[in-house]
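A.B. asks: Take a look at the following structure, please.
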Amino acid sequence: MEIIAMIPTYNEASNIKRMIDDVLNCGAADIEVLIVDDMSPDGTYKTVEEILKTNPKVHLLLRKEKKGRGYAGKEGFKKAIEMGAKYIVEMDGDGSHSPKYIPGFCEMINGCDVVIGSRYVKGGKDENRTFLRQFVSNLSKLYLSIVLGVKIKDPSSGYRMFKSEVLEKFVDKLNANDPFIVTEVIYYLKKYNFKIKEYPIEFLSRMSGESKLRPWTLIKYLFKVLKLRLSAAF
């Protein structure tokens with residue numbers, strides 16, 4: 001396959017069928033879906049198991065040990081590479097990342113190594129966030145620019161497309177067990193001088209259920225950034 005949309009999930013049973021349908025019908029040629037689920041108590045993986053019985057473009061990586069968003073992301077990347085994907089899209093399964101942008105990512109990646117779905121470039125939107133969440137996001141952007149030296153307008157975006165050889169370069173070095181993997185990836189993209197472009201997206205409210213990310217968690221990650229930066233020189 002040309003593209004694999006790798007989607008880590010935990011308790012997304014109410015969203016996942018629609019999410020899979022939207023990805024497969026987004027207009028991108030030769031795209032398949034890999035759901036990476038940590039044995040969700042709400043049975044997300046059971047819904048996916050039923051779908052893949054009749055749809056060969058849907059795949060499931062069911063994880064029973066070392067649970068966490070970071071571990072799921074790392075194993076999902078490795079599985080997508082193993083499956084032979086040329087391009088790997090990383091996105092959330094709650095509907096906040098609309099698959100309609102994937103064809104645009106496909107066009108843009110011809111001129112770079114990584115495309116980031118960005119709320120903060122011209123045409124991007126993030127209108128439904130609380131003031132506190134927007135403040136923390138802006139603080140994160142400034143902090144990452146200073147500490148890691150990355151010139152990205154939306155470095156905390158978890159909606160991204162990679163050429164597979166980019167992830168092959170550092171996937172085994174990823175250590176985060178939580179959503180900090182998003183920033184950890186940015187660190188390695190900077191370290192290995194990969195070319196990054198940003199594509200405007202609108203960040204949407206999740207389809208249903210409750211967000212698993214709290215503002216305090218985002219602030220805590222800022223300290224992890226400094227630790228990561230001090231652990232090795234560029």
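The values are calculated or read from the model by the stated rules, or taken from the named source; none is laboratory data. Because the structure is predicted, anything quoted here is derived from the model rather than measured. We place every Cβ from the backbone using ideal geometry, glycine too, and count neighbours over all the protein chains shown. Keep in mind that these areas ignore ligands, DNA and RNA; they rest on the heavy atoms of the full protein, side chains included. Shrake-Rupley method; radii C 1.70, N 1.55, O 1.52, S 1.80 Å.
A.B. asks: How many residues are open to solvent by less than 20 Å² (accessible area, probe 1.4 Å) and under 22 Å from LYS66 (Cβ atoms) when one looks only at segment 153-181?
C.D. replies: Residues that pass the stated criteria total 8.
A.B. asks: Among (1) touching a Phe, Trp or Tyr at 6+ places or on another chain (Cβ under 6 Å); (2) under 26 Å from LEU174 (Cα atoms); (3) of a type outside the set (Val, Ile, Thr), there is one condition LYS67 misses while meeting the rest; what is its number?
C.D. replies: (1)
A.B. asks: Only one of (1) open to solvent by 20 Å² or more (accessible area, probe 1.4 Å); (2) of a type in the set (Asp, Glu); (3) within 21 Å of the chain's Cα centre (by Cα) is not met by ASP37, so which one is it?
C.D. replies: Every condition holds for ASP37 apart from (1).
A.B. asks: Run GLY95 past the list (1) at positive phi; (2) surrounded by fewer than 16 Cβ atoms within 10 Å (Cβ to Cβ) and report the number of the one that doesn't hold.
C.D. replies: If we test GLY95 against (1) at positive phi; (2) surrounded by fewer than 16 Cβ atoms within 10 Å (Cβ to Cβ), just (2) comes out false.
A.B. asks: Which of (1) open to solvent by 10 Å² or more (accessible area, probe 1.4 Å); (2) closer than 21 Å to GLU202 by Cα does GLU90 not meet, given it meets every other one?
C.D. replies: (1)
A.B. asks: Among the residues of segment 60-81, which ones are of a type outside the set (A, V, I, L, M) and open to solvent by 10 Å² or more (accessible area, probe 1.4 Å)?
C.D. replies: Hits for segment 60-81 are ARG63, LYS64, GLU65, LYS66, LYS67, GLY68, ARG69, TYR71, LYS74, GLU75, LYS78, LYS79.
A.B. asks: Turning to a different aspect of this structure: Residues SER96, SER137: which one is over 17 Å from ILE7 (Cβ atoms), out of contact with any helix residue (DSSP H, G or I) (no Cβ under 7 Å at 6 or more places or on another chain) and hydroxyl-bearing (Ser, Thr, Tyr)?
C.D. replies: Unique residue meeting the criteria: SER137.
A.B. asks: When you scan segment 140-234 for helices (runs of 4 or more DSSP H) that lie fully inside it, which ones turn up with 1 or more residues that are at pLDDT below 95 and more than 27 Å from GLY111 (Cα to Cα)?
C.D. replies: In segment 140-234, the matching helices (runs of 4 or more DSSP H) lie at 215-231.
A.B. asks: Find the residue count for segment 11-34, including only residues that are open to solvent by 10 Å² or more (accessible area, probe 1.4 Å) and touching a Pro at 6+ places or on another chain (Cβ under 6 Å).
C.D. replies: 4
A.B. asks: Test each condition in (1) buried (at least 19 other Cβ atoms within 10 Å of the Cβ); (2) in contact with a helix residue (DSSP H, G or I) (Cβ under 9 Å, 6 or more places away or on another chain); (3) at pLDDT 95 or above; (4) not aromatic (Phe, Trp, Tyr) for GLY84 and report the one that comes out false.
C.D. replies: (1)
A.B. asks: Against the condition of a type outside the set (Asp, Glu), open to solvent by 40 Å² or more (accessible area, probe 1.4 Å), within 18 Å of the chain's Cα centre (by Cα) and at pLDDT below 95, how does LYS100 come out, does it pass?
C.D. replies: no
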